[in-house]
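The values are calculated or read from the model by the stated rules, or taken from the named source; none is laboratory data. Note that the structure is a prediction, hence the values are computed from the model and not measured. Positions of Cβ are generated from backbone atoms using ideal geometry, with glycine treated the same way; all protein chains shown enter the neighbour counts. Surface accessibility is based on the protein's heavy atoms, side chains included, excluding ligands, DNA and RNA. Shrake-Rupley method; radii C 1.70, N 1.55, O 1.52, S 1.80 Å.
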Amino acid sequence: MSPTADPAGATAVELTDVRKSYGAKHAVDGVTLTVPRGEFFGLLGPNGAGKTTLVEIMEGLRKPDAGTVSVLGHQPARREKSLLPRLGVQTQSSAFFVRLTAREHLETVAALYGVAPDAVGTTLETVGLTAHAEVRVDDLSGGQRQRLAIASALVHEPELIFLDEPTAALDPQARRDLWQVLRDLKGAGRTIVYTTHHLDEAQELCDRVGIMVNGSITALDTPGRLIAAGTGNTRLLVPAARLPLDTARTLPGVETATVDGDMVVLVTTDSGTTLAEVAKVAGLEGVQTRTVSLEDVYLQLTGTA
Ligand SMILES: Nc1ncnc2c1ncn2[C@@H]1O[C@H](COP(=O)(O)OP(=O)(O)OP(=O)(O)O)[C@@H](O)[C@H]1O
């Protein structure tokens, strides 16, 4: 990207027709993507879809075979000293100084970035590691190490943060805590690009998501718009004891009816009408509704539904 193309610096990441192959495998197969500054962008997709390769290209850790990559107006593959401190990078396999304590490790990272040591205590607090600050990295649990990896990506207060499955090994409470950390970072104007397999989380946190399949981004929008453009269907769960499957299939609006355990699952395009009929035929006691989620859209797009 030329300097005049984005004079206000409103773009954090700009990729044009980026490609990367490993032998015959097209891991990234022509991705064009713009992430504006301040956006929380989620990259979703099944194992092997090319997410990590794409993020590592943005981070400058891998060189694309073709296409152009601009990150904060720079080419990340050049590893320019003026760019690196502006990026925060947490990878799936973070390198640690394993013989140091969590605090010493983070102090070392902070020193490498030339950051004042006070940032260490605050960052340990932010990721919930204060109580384990004096534990050797070797002795931290998987989830605690993951938090330290995230802390290492945040300690120098970068403008653009890349996180690769940051919540993968976290317990539910730690996951929720990290959501708040990420929301606060976004609130402070940072740009976040992250990969996840947690669809509920992406729906909750991301301004936009890209769904990657076989090296290409097959859907790119806000979670809300992807859901709205998705099936448009609602699921109604009715106790099977009160609604025979044959009857369920004849109700207005019902696309499909199946039995799941002791419930009949109705997929309906017209939930109001179907629900009114269910009320007449079976009553509403124990009836549950489930609207479409990002997960339903994802499963449809990735062909796993
Ligand atoms: N260094 C490499 N050498 C050869 N093949 C590779 C290499 N790195 C990745 N691949 C292949 O490229 C494809 C994309 O891998 P990548 O790790 O980018 O996917 P991913 O979407 O991040 O997957 P996951 O969700 O499992 O982390 C896969 O088929 C993978 O096996």
Residue in the stretch 100-112 that is farther than 25 Å from T195 by Cα, polar (S, T, N, Q) and either at pLDDT below 90 or over 26 Å from the mean Cα position of the chain (by Cα) (or both) present: yes
Qualifying positions in the stretch 160-214 - within 16 Å of the ligand (Cβ to nearest atom), within 18 Å of V292 (Cα to Cα) and assigned to a loop (DSSP other than H, G, I, E, B): H197, H198
Verdict on D65 being open to solvent by 50 Å² or more (accessible area, probe 1.4 Å), in contact (Cβ under 8 Å) with a residue 60 or more places away in the chain, more than 9 Å from the ligand (Cβ to nearest atom) and charged (D, E, K, R): no
Total residues in the stretch 19-52, condition within 21 Å of D207 (Cβ to Cβ) and either open to solvent by less than 30 Å² (accessible area, probe 1.4 Å) or within 16 Å of the ligand (Cβ to nearest atom) (or both): 13
Failed condition for M58, given (1) at pLDDT below 95; (2) in contact with a Phe, Trp or Tyr (Cβ under 8 Å, 6 or more places away or on another chain): (1)
Pairs where the first residue, in the stretch 195-212, is open to solvent by 50 Å² or more (accessible area, probe 1.4 Å) and the second is of a type in the set (D, E, K, R) and within 13 Å of the ligand (Cβ to nearest atom), C-beta under 9 Å, 6+ apart: H197/E165; H198/E165
Options E134, E125; residue that is assigned to a helix (DSSP H, G or I), farther than 25 Å from L72 by Cβ and either open to solvent by 70 Å² or more (accessible area, probe 1.4 Å) or in contact (Cβ under 8 Å) with a residue 60 or more places away in the chain (or both): E125
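For every residue, the table says whether it meets (1) in the same structural domain as R147 (by TED's automatic domain parsing); (2) more than 21 Å from R147 (Cα to Cα); (3) open to solvent by 10 Å² or more (accessible area, probe 1.4 Å); (4) in contact with a Ser or Thr (Cβ under 6 Å, 6 or more places away or on another chain).
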| position | (1), (2), (3), (4) |
| --- | --- |
| H74 | yes, yes, yes, no |
| R78 | yes, yes, yes, no |
| P85 | yes, no, yes, no |
| R99 | yes, no, yes, no |
| L106 | yes, no, no, no |
| V109 | yes, no, yes, yes |
Single residue of the stretch 288-305 satisfying the filter (open to solvent by less than 70 Å² (accessible area, probe 1.4 Å) and in contact with a helix residue (DSSP H, G or I) (Cβ under 6 Å, 6 or more places away or on another chain)) that is nearest to G215 (Cα to Cα): Y298
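Matching residues to (1) free of Cβ contacts under 8 Å to residues at least 60 places away in the same chain; (2) in the same structural domain as C206 (by TED's automatic domain parsing); (3) part of a strand (DSSP E or B); (4) among the hydroxyl-bearing types (S, T, Y):
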{"position": "T258", "(1), (2), (3), (4)": "yes, no, yes, yes"}
{"position": "L266", "(1), (2), (3), (4)": "yes, no, yes, no"}
{"position": "E277", "(1), (2), (3), (4)": "yes, no, no, no"}
{"position": "V297", "(1), (2), (3), (4)": "no, no, no, no"}
